[in-house]
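These notes concern the structure reproduced below.
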């Protein structure tokens, strides 16, 4: 065999080997389901439909689409989402969304019922709200704010009239008279609402409380799911948590969330 | 004396007096700066003041105060000022008093230093302070001791000591002293501060003298071995006998001074040296974790029967006296038969210092094996400082009966959470789980979860009612101001009368009532002119001649036609009033009616309000 013929044979062998040794395509993972909707309203409706079909995971995704993608909230949305989470036995998260629904609509009886059932399931005693809390929860914070604003300006207008005239018009006097008790009551209610702004809910069972904001630090205690805590500080993905039983420490931020959703 | 001499004296004295007064007022007082210690001789423990006096200037004073070794000088002086008027010269004296606390006895020299008074520099002269050992009188007046301290305590031992301030009874009775908070200097000790209400006061006798003592309970814990020192001091204000300045009466023979002065003083314990012993390394048990004192240990279970996976509560109680704050809960290792969770710890002190009491530790135990028959005994050790040896305690093993089997898929985690998980009904049996209806309508959407009052837009919107109200207030203020101004009142009245008269004239012209129309027309013109001269009492009595004389300059700018109309109106009115009845022709009346508005507009332009 001549030199060129040997080379030709060699290159033919290499080509054949390489064509046999070509990399086989990897096994592609199954595509994750994608949930899209043209609007929050549509996502809400699709979530309801998925719930009716007992596809709770899909329902949750559609409801969360309203919150995360469309940045829309409503009391029925959080309530429906809470029911969905409850069906998946994620009771801590369910409690959080029932509380959010009640924050937006304190008089939503369904959310109150759902919250009570969930807390009963978790064997968490339901604390009777104090006077201030009852007062604050009788109306939504927005209504209290409007009441406070109306009464404040009524009082100011009345005082201004008194400054210039000895008598004020009957309408303004009436408004001021009504505002006189409304202003302090609404101020108290708003104060109580503000007190709730740092309240959070533990989402997972046995959420660890670290002595320092680090996953490797010592765990001082574990908090049960749906425990109501107060969140004060934030550091490196950890939140400083104060529970009612004087347990304090750093908890991973993924394990606890405030009822109030902070504005991004 | 001869009156001529008086005259001569007056003649010379008054100019001389005026001259000297002028001369004196022209003099600028010289600026002097001096400094001294007040008092210049003090006993150790007493405070004095370094007083800088600037005389003759009220300008700013600046400089760097030297700090001689052994003197602690405050940087915040108390300032005082004084103005005097001597021989016609005003002198301002400013004093700056710095608190000085001597640290030791001896003679201290405050060196001269530069001070700037306004733009000029001055040298502050040296000042000397003599700090002496307290005399017998002062030594017995006030002192402080740390009592009930063992000579050789162990590291970690709790020492319930008393810090006692002695003030002689006669001094105490006359001063009602103001006593501060004790300060400590102890690197090798931890010191628990006494609660504010723990301070006691009682009477005692030392060397035959009566004292009122103030007692602070302090709890010391040595943290370093070897020879260690600590000291305490407390600041107080007392009325003390004034030091005699010297001379004949500065003799103990004459007894203490009758005069008293308020003094800020410091009582020191001095350096207290203690020999701290380390805990013996020999025979130290494995279960020793730093407890020093005298303790008893008990254990109990909340019940002696449980099912697998059902938590039991094991309570350990440590009773006695010692360093409870430093005691760590024992780490229980009960093997694979039990899962033990971190305890809940509670300490109930039975004394004010927290030295004696009961430490309760509640462990949650999860049985892992039904063959378990008892909760194992617990070993724990402490060091007994009085006996200088370690003591090991061991509780009894507690019998328990475990029944049942572990759930097939045990949930990891804490027992309370676990128990709730295991007891958690599934969705099929949960009460009303599936009966809660879903909302088909999402209701009102909220883009912002924050309440209204936490949004910036809400606060911005408040500017609308605020500005409306502010605008209204401004209008009202302006209206009130105008109402209070007689000129503006008159002008408004005149305008109103002009409008009213014009309206009446129009009505009269319409009904062909010439007399009334001309009368109203004239009134309108009179009030139009009167706006330029508000001092007029009765504008309706203005005559044509008065208008032409008073407002000649204004009338020059008036076009000819309105002037003619005015004359015609006034003259016709006069004829009506004084010249008997005269009817105007309908043409003249119609012409006047047409000219009414034009004339009044022309007058308005010429006689603006």
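The values are calculated or read from the model by the stated rules, or taken from the named source; none is laboratory data. Predicted model only: the values in this text are computed from it and were never measured. Here Cβ is always computed from backbone atoms with ideal geometry, including for glycine, and neighbour counts include all displayed protein chains.
Regarding residue A:241, is this residue in contact with a strand residue (DSSP E or B) (Cβ under 6 Å, 6 or more places away or on another chain), farther than 18 Å from residue A:132 by Cα and touching a residue at least 60 places away in the same chain (Cβ under 8 Å)?
Considered against the rule, which asks whether it is in contact with a strand residue (DSSP E or B) (Cβ under 6 Å, 6 or more places away or on another chain), farther than 18 Å from residue A:132 by Cα and touching a residue at least 60 places away in the same chain (Cβ under 8 Å), residue A:241 comes out as no.
So which residues in segment B:134-149 are under 14 Å from residue B:266 (Cα atoms), in contact with a helix residue (DSSP H, G or I) (Cβ under 9 Å, 6 or more places away or on another chain) and not in a loop (DSSP other than H, G, I, E, B)?
Listed by number, the residues that qualify are B:141, B:142.
Residue-wise test of (1) touching a helix residue (DSSP H, G or I) at 6+ places or on another chain (Cβ under 7 Å); (2) assigned to a helix (DSSP H, G or I); (3) more than 9 Å from every other protein chain (Cβ to nearest Cβ); (4) surrounded by 21 or more Cβ atoms within 10 Å (Cβ to Cβ).
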residue: A:86; (1), (2), (3), (4): yes, yes, no, yes
residue: A:95; (1), (2), (3), (4): yes, yes, yes, yes
residue: A:116; (1), (2), (3), (4): no, yes, yes, no
residue: A:128; (1), (2), (3), (4): no, no, yes, no
residue: A:135; (1), (2), (3), (4): yes, yes, yes, no
residue: A:147; (1), (2), (3), (4): yes, yes, yes, no
residue: A:159; (1), (2), (3), (4): no, yes, yes, no
residue: A:163; (1), (2), (3), (4): no, yes, no, no
residue: A:168; (1), (2), (3), (4): yes, no, yes, no
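Table: residues versus (1) within 14 Å of chain B (Cβ to nearest Cβ); (2) surrounded by fewer than 16 Cβ atoms within 10 Å (Cβ to Cβ); (3) within 17 Å of the chain's Cα centre (by Cα).
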position: A:192; (1), (2), (3): yes, no, no
position: A:203; (1), (2), (3): yes, no, yes
position: A:209; (1), (2), (3): yes, no, no
position: A:212; (1), (2), (3): no, yes, no
position: A:225; (1), (2), (3): yes, no, yes
position: A:236; (1), (2), (3): no, yes, no
position: A:259; (1), (2), (3): yes, no, yes
position: A:262; (1), (2), (3): yes, yes, yes
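Considering only residues of segment B:148-178 that are farther than 26 Å from residue B:324 by Cα and crowded, with 17+ Cβ neighbours inside 10 Å, which is nearest to the chain's Cα centre (by Cα)?
Checked segment B:148-178; the qualifying residue nearest to the chain's Cα centre (by Cα) is B:177.
Among the residues of segment B:341-386, write down those that are touching a residue at least 60 places away in the same chain (Cβ under 8 Å) and within 30 Å of residue B:216 (Cβ to Cβ).
B:352, B:353, B:354, B:355, B:382, B:383, B:384, B:385, B:386
Of everything in segment B:317-346 that's within 14 Å of chain A (Cβ to nearest Cβ) and assigned to a strand (DSSP E or B), which residue is surrounded by the fewest Cβ atoms within 10 Å (Cβ to Cβ)?
For segment B:317-346, the residue satisfying everything is B:346.
Any chance you could count how many residues in segment A:104-114 are touching a helix residue (DSSP H, G or I) at 6+ places or on another chain (Cβ under 8 Å), more than 8 Å from chain B (Cβ to nearest Cβ) and assigned to a helix (DSSP H, G or I)?
Within segment A:104-114, the subset touching a helix residue (DSSP H, G or I) at 6+ places or on another chain (Cβ under 8 Å) is A:104-106, A:108, A:110-112, A:114.
Right, trim to more than 8 Å from chain B (Cβ to nearest Cβ) and you get A:106, A:108, A:111-112.
Pick out the ones that are also assigned to a helix (DSSP H, G or I) and you get A:111-112.
Adding up the residues that qualify gives 2.
Which of the residues belonging to segment A:65-84 are assigned to a helix (DSSP H, G or I), more than 12 Å from the chain's Cα centre (by Cα), facing chain B (nearest Cβ under 10 Å) and surrounded by fewer than 24 Cβ atoms within 10 Å (Cβ to Cβ)?
Passing the criteria: only A:76.
Among the strands (runs of 3 or more DSSP E) confined wholly to segment B:265-309, which include 3 or more residues that are touching a helix residue (DSSP H, G or I) at 6+ places or on another chain (Cβ under 9 Å) and touching a residue at least 60 places away in the same chain (Cβ under 8 Å)?
B:288-301
What's the total number of residues in segment B:578-595 that are under 14 Å from residue B:516 (Cα atoms), modelled with pLDDT of 70 or more and in contact with a helix residue (DSSP H, G or I) (Cβ under 6 Å, 6 or more places away or on another chain)?
Qualifying residue count, segment B:578-595: 3.
If a residue has to be out of contact with any helix residue (DSSP H, G or I) (no Cβ under 8 Å at 6 or more places or on another chain) and over 25 Å from residue A:89 (Cα atoms) to count, how many in segment A:237-255 make the cut? Steps first, answer last, please.
Taking segment A:237-255 and keeping what is out of contact with any helix residue (DSSP H, G or I) (no Cβ under 8 Å at 6 or more places or on another chain), we get A:240-255.
Still in the running and over 25 Å from residue A:89 (Cα atoms): A:240, A:242, A:245-250.
Summing the residues that are out of contact with any helix residue (DSSP H, G or I) (no Cβ under 8 Å at 6 or more places or on another chain) and over 25 Å from residue A:89 (Cα atoms) in segment A:237-255 gives 8.
Can you pull out the residues in segment B:457-478 that are under 18 Å from residue A:190 (Cβ atoms) and facing chain A (nearest Cβ under 10 Å)?
B:458, B:461, B:462
If the Cβ limit is 7 Å and pairs must be 6+ apart or interchain, which residue in segment B:452-479 that is within 16 Å of residue A:160 (Cβ to Cβ) pairs with which residue that is surrounded by 10 or more Cβ atoms within 10 Å (Cβ to Cβ)?
Listed by first residue and then by second, the contacts come to B:465/A:153; B:469/A:156; B:469/A:157; B:469/A:160; B:473/A:160; B:476/A:164.
So is residue A:62 in a loop (DSSP other than H, G, I, E, B) and more than 8 Å from chain B (Cβ to nearest Cβ) or not? It would help to see each step written out before you state the result.
Details: in a loop (DSSP other than H, G, I, E, B): no; more than 8 Å from chain B (Cβ to nearest Cβ): yes.
Here the answer is no, as residue A:62 does not meet what is asked.
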